[in-house]
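One structure is given below, encoded as structure tokens.
The values are calculated or read from the model by the stated rules, or taken from the named source; none is laboratory data. A quick note: this is a predicted structure, and the numbers were derived from the prediction, not measured. Glycine also receives a Cβ, built like all others from the backbone with ideal geometry; neighbour counts cover every protein chain displayed.
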Amino acid sequence: MDTQRALDAALGGLIGVRAVYVAIHWRYYSDHVSQALALWNGGPAPDDARGLAWHGALLGGLIALRLYCAVHRCSPGAILDVLTPGAVWLTICAWVGCLLSGCAYGVETYPDQGWLWRLGLYSAGSSGLGFLRGDECIIIAGWRLDQLADGGLLALCGLLGATWVIEQKNQT
């Protein structure tokens, strides 16, 4: 695969990441149009409106790739297969960058419950990925053994979370 396809997708992603971000924060950018293209600033001055919209990177990259494939009459599926590992690493780097800059935040979990959320979400994701795996594994009732283990961990997390919620309600 030539690098032109990857560069076209990257350019589309760069345009999309900013276009969607500006659209999401249009209330700010409608009064500060000159800052809309200032990628180097990361975002407007208010702390709650900093960063770029990854959804736009995905959408812009896919649109650019589709246009490339239409012009050059090639299959987007094969190209996406080649670009996917790089996209995964780009996503990981983006989240690490977001974490380091202080923008990776969300709804606060209950004290001492962060591990429960992480384990539960990891187990759910790992179980789902099990449907796509092609390596040999013990199968029980149509399920991979590792999927059953992930399902068990997910159920345990749900049980522990429910128990914690009930205990909190009983204390009030």
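All but one of (1) surrounded by 12 or more Cβ atoms within 10 Å (Cβ to Cβ); (2) modelled with pLDDT of 80 or more hold for Gly142, so report the exception by its number.
Unmet condition: (1).
Among residues belonging to segment 67-78 that are surrounded by 15 or more Cβ atoms within 10 Å (Cβ to Cβ) and out of contact with any Cys (no Cβ under 7 Å at 6 or more places or on another chain), point out the one that is farthest from Ala10 (Cα to Cα). I'd like the intermediate steps shown before the answer.
The first filter runs over segment 67-78 and keeps only residues surrounded by 15 or more Cβ atoms within 10 Å (Cβ to Cβ), leaving 68-69, 76.
Imposing the further condition that a residue be out of contact with any Cys (no Cβ under 7 Å at 6 or more places or on another chain) reduces the set to 68-69.
Working: Tyr68: 12, Cys69: 14 Å.
Going through the qualifying residues, I end up with Cys69.
For segment 117-139, which residues satisfy the criterion of being surrounded by 11 or more Cβ atoms within 10 Å (Cβ to Cβ) and modelled with pLDDT under 80? Walk me through how you get there before you give the answer.
Filtering segment 117-139 for residues surrounded by 11 or more Cβ atoms within 10 Å (Cβ to Cβ) gives 117-130, 133, 137, 139.
Once the filter is applied, which keeps residues that are surrounded by 11 or more Cβ atoms within 10 Å (Cβ to Cβ) and modelled with pLDDT under 80, segment 117-139 yields Trp117, Arg118.
Please specify each residue of segment 20-36 satisfying the condition of being over 18 Å from the mean Cα position of the chain (by Cα) and part of a helix (DSSP H, G or I). Before you say what the answer is, go through the steps one by one.
Within segment 20-36, the first condition is being over 18 Å from the mean Cα position of the chain (by Cα), and the residues that meet it are 22-23, 25-36.
Result: Val22, Ala23, Trp26, Arg27, Tyr28, Tyr29, Val33, Ser34, Gln35.
Does segment 62-95 hold any residues that are touching a residue at least 12 places away in the same chain (Cβ under 8 Å), over 16 Å from Thr3 (Cβ atoms) and of a type in the set (Ser, Thr, Tyr), and which are they?
Across segment 62-95, the qualifying residue is only Thr91.
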